[in-house]
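The values are calculated or read from the model by the stated rules, or taken from the named source; none is laboratory data. In this text the structure is predicted, and so the values were computed from the model without any measurement. Here the Cβ positions follow ideal geometry from the backbone for every residue, glycine too, while neighbour counts run over all protein chains shown.
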Amino acid sequence: MELFEGTFSPQRYETMTYRRAGRSGLKLPLVSLGLWHNFGDNDSEDNAREMVCTAFANGITHFDLANNYGPPPGSAETCFGRILKQDLNEHRDELIISTKAGYRMWDGPYGEWGSRKNLLSSLDQSLMRMGLDYVDIFYSHRFDPETPLEETMGALASAVQGGKALYVGISNYPQEATREALSILKRMGVPCLLHQVRYNMFGLAPVEDGLLDILEEGGSGCISFSPLAQGLLTNRYLQGIPDDSRISKSGTFLKSSALDEPTLKAIGELDLIAKKRNQSLSQMALAWNLRHPVMTSVLIGASRPAQILDNIKAMDHLDFSNEELKLIESICRRRREAQQP
């Protein structure tokens, strides 16, 4: 594994493992790069370019975006479009580029949620920002309880039928809506490739509510975001809050209140397990996430290229003993119980 130094080695695929998405023909790298943070107008585009190119230089072919990533919304897609044109244009057929629509992007009643008007208009805008004719995966970013699911899924199917997306997926959908969405898309002849969900040691809802079982039964894959709980599942907060961390930046979703006593205790105990496995806590957390058979890939975020290389090393040790899994479960359960009022 190496940092990008201006050229892409022909051996770049030798360091990455790829896994099939459900029962589709598409394989994704076990580690994918999400552009939620650090690709907006307020961030360094040179650093963004280094991260994207370092990722691709080490076999990460999947880059995940959404129309509202930034800030401001849309700026991450614009930034990625410039990087794509400058460095990756000749490699377009080697890339899996995904985007999403569903959160607010413009004023008025059509600027968010799951209507056909919103989804297809947003997709056109995303393609324009990135300078693309199509994306590989187009997601409905969130379930819309007020729009008929047939309309939302029909819009996804139209994106494929119109040549603007190769595959479609859903994100942040609850259990029963997921089951129905998979069924509708199957009837339309455009199967759901992936469900993108929040899943990590501190957030087990997809397993506990049976969502992953629904995906496995329906032939869809799963890709997890926030596999490191936005940085909590690392060792960087054991000695205080670093100045460059997400918690220290105002306006982020991760607040200092997340570092309560039960969480810090759990982080320390998990870090000891990781050290015995000769891994960092973040590497162990990614490996733990990937242990589930329906999990196709994990979406990592990064603030610098070296973090990407560190996360890729999770693949060096993906296996867990039964004792390790039981101990991890016990630590996380005690944390949840201690946080209950």
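Return yes or no: is Gly40 under 26 Å from Ser171 (Cα atoms), touching a residue at least 12 places away in the same chain (Cβ under 8 Å), touching a Gly at 6+ places or on another chain (Cβ under 6 Å) and not hydroxyl-bearing (Ser, Thr, Tyr)? Judged against the criteria, Gly40 is a match.
The rows are residues; the columns are (1) crowded, with 16+ Cβ neighbours inside 10 Å; (2) at pLDDT 95 or above; (3) closer than 16 Å to Gly231 by Cα.
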site: Phe253; (1), (2), (3): no, no, yes
site: Ser256; (1), (2), (3): no, no, yes
site: Ser280; (1), (2), (3): yes, yes, yes
site: Thr296; (1), (2), (3): yes, yes, no
site: Leu299; (1), (2), (3): yes, yes, yes
site: Ile308; (1), (2), (3): yes, yes, yes
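Checked against (1) under 16 Å from the mean Cα position of the chain (by Cα); (2) loosely packed, with under 14 Cβ neighbours inside 10 Å, His37 meets all criteria but (2). Only residues that are more than 16 Å from Asn289 (Cα to Cα) and part of a helix (DSSP H, G or I) were counted in region 268-279, giving 5. Within the set of pairs 6+ apart or on separate chains, which have a first residue in region 1-28 that is free of Cβ contacts under 8 Å to residues at least 40 places away in the same chain, a second that is part of a loop (DSSP other than H, G, I, E, B) and of a type in the set (Gly, Ala, Ser), and C-beta atoms under 8 Å apart? Here the result reads Lys27/Ala21, each pair linking region 1-28 to a residue that is part of a loop (DSSP other than H, G, I, E, B) and of a type in the set (Gly, Ala, Ser). Kindly indicate whether Phe143 is out of contact with any strand residue (DSSP E or B) (no Cβ under 7 Å at 6 or more places or on another chain) and under 14 Å from Ser171 (Cα atoms). Judged against the criteria, Phe143 is a match. Residues in region 310-329 that are surrounded by fewer than 12 Cβ atoms within 10 Å (Cβ to Cβ) and either under 23 Å from the mean Cα position of the chain (by Cα) or not in a loop (DSSP other than H, G, I, E, B) (or both): Asp316, Asp319, Asn322, Glu323, Lys326.
Tell me, please, whether a residue that is in contact (Cβ under 8 Å) with a residue 60 or more places away in the chain and assigned to a strand (DSSP E or B) can be found in region 171-182. Yes: one or more hits.
Can we say Glu14 is part of a helix (DSSP H, G or I) and modelled with pLDDT under 95? Taking the combined requirement at face value, the residue satisfies it. What about Ala287, is it without any contact (Cβ under 8 Å) to a residue 40 or more places away in the chain, assigned to a helix (DSSP H, G or I), farther than 19 Å from Asp64 by Cβ and among the aliphatic types (A, V, I, L, M)? In short, yes. Filtering Thr78, Thr61, Thr54 for residues that are under 12 Å from Arg129 (Cβ atoms) and among the β-branched types (Val, Ile, Thr) leaves a single hit, Thr78. Of everything in region 184-241, what is part of a loop (DSSP other than H, G, I, E, B) and either under 15 Å from the mean Cα position of the chain (by Cα) or free of Cβ contacts under 8 Å to residues at least 12 places away in the same chain (or both)? Give them in sequence order. The answer is Tyr199, Ser226, Pro227, Leu228, Arg236, Gln239, Gly240.
Flag not set for Glu112, criterion: surrounded by fewer than 19 Cβ atoms within 10 Å (Cβ to Cβ) and among the acidic types (Asp, Glu). Please find, within region 93-109, the residue that is surrounded by the fewest Cβ atoms within 10 Å (Cβ to Cβ) out of those that are of a type in the set (A, V, I, L, M, F, W, C) and within 22 Å of the chain's Cα centre (by Cα). Checked region 93-109; the qualifying residue surrounded by the fewest Cβ atoms within 10 Å (Cβ to Cβ) is Leu95.
Taking region 139-195 as the range and being polar (S, T, N, Q), surrounded by 15 or more Cβ atoms within 10 Å (Cβ to Cβ) and under 15 Å from Leu119 (Cα atoms) as the test, the residues that pass are Ser140, Thr147, Thr152, Ser158, Ser171.
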